[in-house]
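Working notes for the structure below.
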Amino acid sequence: MEILLVGAGLSGAVIGRRLAEAGHRCRIIDARDHVGGNCFTERDADTGVMVHVYGPHIFHTDDAEVWEYVNGFSDFMPFQNRVKSTTQGAVYSLPVNLLTINQFFGKTMRPDEARAFIAAQADTSIADPQNFEEQALRLVGPALYEAFFKGYTEKQWGCSPTELPASILKRLPLRFNYDDNYFFHRFQGMPTDGYTPMIAAILDHPNITVELGTAYAPDMAGAADHVFWSGPLDGFFGYDLGRLGYRTLDFERFTHDGDYQGCAVMNYGDRDVPWTRITEHKHFSPWESPPGSVCYREYSRACGPDDIPYYPIRLVEEKALLGDYVARAEKTRGVTFVGRLGTYRYLDMDVTIREALDTADLFLDRAAGGGDMPAFAR
């Protein structure tokens, strides 16, 4: 078959590779001038630092098949994300762990003592937390909430924590030991030469053609037997029902001679500091030792029509509009919507790859059996 894949990021590359290996001809287009989507990395010419151009991407997964898959296209080096937070005039370890608790409260508690101490701090009158703030107060109490979560969340999402669902905070761990590894997955690492060569290797197949700087036009679908769309779901329909809400990021790039902050990620919890965090990219490749450094200050704001969407908002208004677009997509034949933008969900890289592999396998099964491919394969 002739397959058109819109987007040369992880979803398009992985689906395209799987279908190409099965003998289908895959045309992959991308409006940008590079492959990799927001995972794009490039080496800074002046400092030699491997820069995550659209913000840092750290690979972590419990999915052994996905880990084996990415290692088939790139060597990976071990990397654990150990985040710090500057708040109220001091630096602390994140996620909130026993060191954070002891340092913040000036204590030397053992795990069981800290657990009882935090339980006493927690607002137990909140039996069923209905929003982010209530969940935080129920989980850690007002002091830790004010220091590490409230200001950061207001900056990240541009609204009061009372407007956000409690489920957001449930993903953040609270630890009563000294483990400061931000993630808890079995497999964690970084591609040795960055993500761009890895994705380019996935795309390197004789049945795949890649056209960069090429925007999708509706008449392209007519030349294809099937389309996989990894662009914005609402964008496929010309945003004619309205735009789904996203947060975007602005990066203030600066360089430093030496080591600027001593870690890869430094959060800033105070509301009066306008940026959410500073990332120092040399620390994402600790096996390298460039003398200079490239850093990004990150600022979060509402996503406009010409901005790059990063985080789907998925509040009440967006969910209603999403339902309308999903219903419309399910009536559209010959197109499957994939990836973070195509399904309007925040997906980690490993989940994106898992869903891409499963989507490709479903397509091959349906093609062999003569069945229709659904609009959403998940």
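Nothing in this text is a laboratory measurement; each read-out follows from the coordinates by a stated rule. No experiment lies behind these values; they were computed from the predicted model shown.
Comparing 226, 57, 256 in a Gaussian network model of the chain (Cα springs below 10 Å), the most mobile by mean-square fluctuation is 256.
Comparing 40, 284, 184 in a Gaussian network model of the chain, where Cα atoms under 10 Å apart are tied by springs, the biggest mean-square fluctuation is seen for 184.
Quick check: Cα centre of the range 1-73 to Cα centre of the range 141-167, how many Å? Centre-to-centre (Cα) distance: 33 Å. Here the Karplus curve 6.51 cos²θ - 1.76 cosθ + 1.60, taken at θ = phi - 60°, turns the phi angles of the range 108-117 into couplings of 10, 7, 7, x, 5, 5, 5, 4, 5, 5 Hz, with x standing for Gly and Pro.
Ignoring aspartates and glutamates fewer than eight residues from residue 319 along the same chain, the ones with Cα atoms less than 20 angstrom from its Cα are 163, 234, 240, 330. Tilt of helix 10-21 relative to the longest C-alpha principal axis of the chain, in degrees (0 to 90, nearest 10)? Computed tilt is about 40 degrees.
With helices as the sole contributors, the chain gives -8500 deg cm²/dmol at 222 nm; each DSSP H run of n ≥ 4 counts as -39500 (n - 2.57), and the sum is divided by every residue. Residue by residue, the range 270-284 carries 3J(HN,Hα) couplings of 6, 5, 7, 8, x, 8, 7, 6, 10, 10, 10, 6, 4, 7, 7 Hz when phi is fed to the Karplus relation 6.51 cos²θ - 1.76 cosθ + 1.60 (θ = phi - 60°); x denotes Gly or Pro. DSSP beta bridges fully contained in the chain are about 60 percent antiparallel. Measuring between their Cα centroids, the range 209-246 and the range 311-360 lie 13 Å from each other.
Comparing 336, 192, 124 in a Gaussian network model of the chain (Cα springs below 10 Å), the most mobile by mean-square fluctuation is 124.
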